[in-house]
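Asker: Okay, handing you the structure first.
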Amino acid sequence: NIFNPKYVCINDTTKISLLRKKITNKKIEIIEAKVLSKLIKSVKSDISVLAISGYQALNLFPSILSSTKILGMVNKECVVSAGHLFNQLNKKNKTIIYPSDSEHYSLQNLLTNKYNKIKKIYLTASGGPFYNKNFNDIKNISFQRAKKHPKWKMGYKNSIDSATLANKCLEIIEAHYLFNISYHKLNILIHPESLIHSVIEFENYTSLLNYFYHDMFIPLYNFFAYSNKTDKFPFINK
């Protein structure tokens, strides 16, 4: 009712009638998940954002790539689980990819400064809720403690992945496929303040880093602000 989209998709078909009652704008069409891929293919767009959480986004990924010119990626699972297929599809469709996770957004900014050979790339991690804890402190951790991130509120999966540092391992794989960077050059750096999101160390002993407040508004704002100015901003597969 606030944004008035043309379509609203819902996975749980038992809730369709309830959703129809909630939506006062009768021009908004409610569709089931099984027809979403067909709809995406039929509607061409200049700019799209893929912000579906988890691996289920893979079902829609080919359709999105074939129907949009510029894609803001807020889903790492598509790249992590099927990176080689992701690159093949992207090359075929020539879609401009804009990573909108803070680490990969910041890394994309830095990779435009190719004045020297890259020695190492560091993706930063907050350390999660158990940073600086010894084994005895964390051997009987409750779910409630594990999902309580010290910096931001996320869904259960991302919160747990952050607590175990598994999320950062997924981001390493994502960076490998997004930027065609060898795993040997990718590292993880614990940075509890979460203000520096990536660091590039060059072979000439200098480094570049990207510093901004840990808020997803910043990558998304820059995506929408510059997505129609591809000559002004670095995109993947430009």
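Asker: Only loop residues by DSSP count here, and only those with at most 14 other Cβ atoms within 10 Å; note down the GluC sites (Glu not before Pro) in region 132-206 that meet that.
Answerer: In loop regions of region 132-206 (DSSP not H, G, I, E or B), the sparsely surrounded GluC sites (Glu not before Pro) are Glu193, Glu203.
Asker: Just how large is the dipole of the chain about the Cα centre, in debye to the nearest 20, putting +1 at every Lys and Arg Cβ and -1 at every Asp and Glu Cβ?
Answerer: In total the dipole reaches around 760 debye.
Asker: Step by step: find N for region 1-108, compute 2.2 N^0.38 Å, then divide the Cα radius of gyration by it. What's the final number?
Answerer: Compactness ratio reported: 1.17.
Asker: Right, next: Step through the residues of region 136-147 one at a time and calculate ³J(HN,Hα) from phi using the Karplus curve (6.51 cos²θ - 1.76 cosθ + 1.60, θ = phi - 60°), rounding each to whole Hz and writing x for Gly and Pro.
Answerer: 5, 6, 10, 6, 10, 7, 8, 4, 4, 5, 5, 8
Asker: With a 1.4 Å probe and all protein chains left in place, how much of the accessible area of the chain comes from carbon and sulfur atoms, in whole percent?
Answerer: 55 percent
Asker: Let me ask you something else. Using the alpha carbons of region 179-232, what is the convex hull volume per residue in cubic angstrom, as a whole number?
Answerer: 134 Å³
Asker: Quick one: what does P(r) look like for the chain with 5 Å bins over all Cα pairs, in whole %?
Answerer: Over the chain, the share of Cα pairs per 5 Å bin runs 1, 6, 12, 15, 17, 16, 13, 10, 6, 3, 1, 0, 0 percent.
Asker: Can you divide the C-alpha Rg of region 20-65 by 2.2 N^0.38 Å and report the result to two decimal places?
Answerer: So the Cα radius of gyration is 1.32 times the expected 2.2 N^0.38 Å.
Asker: Which whole-number value in Å² is the accessible area per residue of the chain, probe 1.4 Å?
Answerer: 60 Å²
Asker: What is the diffusion coefficient of region 93-208 in µm²/s, taking the Kirkwood radius over Cα pairs and the Stokes-Einstein relation at 20 °C with a viscosity of 1.002 mPa s?
Answerer: Approximately 139 µm²/s, per Stokes-Einstein.
The values are calculated or read from the model by the stated rules, or taken from the named source; none is laboratory data. These numbers come from a predicted model, not from an experiment. Here the Cβ is made from the backbone with ideal geometry for all residues, glycine too, and neighbour counts use every protein chain on show. Calculation scope for accessible area: heavy atoms of the full protein, side chains included, ligands and nucleic acids excluded. Shrake-Rupley method; radii C 1.70, N 1.55, O 1.52, S 1.80 Å.
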